[in-house]
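Nothing in this text is a laboratory measurement; each read-out follows from the coordinates by a stated rule. Bear in mind the structure is a predicted one, so any value in this text is a computation, not a measurement. Here Cβ is always computed from backbone atoms with ideal geometry, including for glycine, and neighbour counts include all displayed protein chains.
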Amino acid sequence: MKRMTKAVTLLAGLGLLGLCAIWLYVQSKPDPVDPLIAEQAAGYQVATITVTADGFVPDHIELQPGVPAKINFKKSTGFTCIKNMISKDFGMDVPLNKGDNLITLDSLKPGTYEYYCGMYMYYGKITVKDNKTT
C-alpha cells in the first residue's frame, strides 16, 4: 500500500510539473500582430519599447514635435518586477500587462521627458526634437 501511495504521489507531482511547464510556454509566446501598423498609417509616430526583467529596451527614443505619437510598452512575459510606467512629465501612471500596452502622446513639444517603473529602478527617456536642418 505504501508503494502505491508513493507511485501516485510521484505521478501527481510530475503531472503538476508538466502543467506548469506548459503554462510557462504559453505565457511567453509573442503576440503575432503588431498593433502599431494601423496607427502609423493613420499619421501617428510609433515606437515600441520592450519591457524586460532588465528594464526598458530601448531606454531612449526620439520623436518629432507637433506630431501625435503612439508608444507600445510591450511585455513578453508577466515575470518581471516592472508592473507600471510612471511619467511625471506626462502625468501618467500606466499599468503594464503582458502583451501590448499602448499609450498616446498628443501635442509633443521639444524637450526631454523621463519615465520609470513603479519601483524607481528602471528609467527611460523620450526626446522630442525637430530633425530638420536649416
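Details
- Length released on extending from Asn84 to Val67, taking residue separation times 0.36 nm less the Cα-Cα span: 3.6 nm
- Spin-label pair Thr112-Ala21: with each label point 7 Å from Cα along the Cα-Cβ axis, the two points sit 4.8 nm from one another.
- Residues Ser76 and Tyr120, FRET efficiency given R0 of 22 Å [Cβ-Cβ distance, rounded to 0.05]: 0.45
- Electrostatic dipole magnitude of segment 36-128 [Cβ: Lys, Arg +1; Asp, Glu -1; Cα centre; debye, to 20]: 160
- Potential lengthening of the chain between Met4 and Thr104 amounts to 30.0 nm, from the contour at 0.36 nm per residue minus the alpha-carbon distance.
- Non-local lysine pairs in segment 36-128, meaning eight or more places apart or on different chains, with alpha-carbon distances under 19 Å, amount to 15.
- Whole-Hz Karplus values for segment 44-57 come out as 8, 6, 10, 8, 10, 10, 7, 9, 10, 5, 9, x, 9, 10 Hz, taken residue by residue from phi with 6.51 cos²θ - 1.76 cosθ + 1.60 and θ = phi - 60°; glycine and proline positions read x.
- With contacts taken as Cα pairs under 8 Å at a separation of at least 6 residues, segment 59-134 carries a relative contact order of 41 percent.
- Label point 7 Å beyond Cα of Lys129 along Cβ direction - residues of segment 75-108 with amide nitrogen under 19 Å: 108
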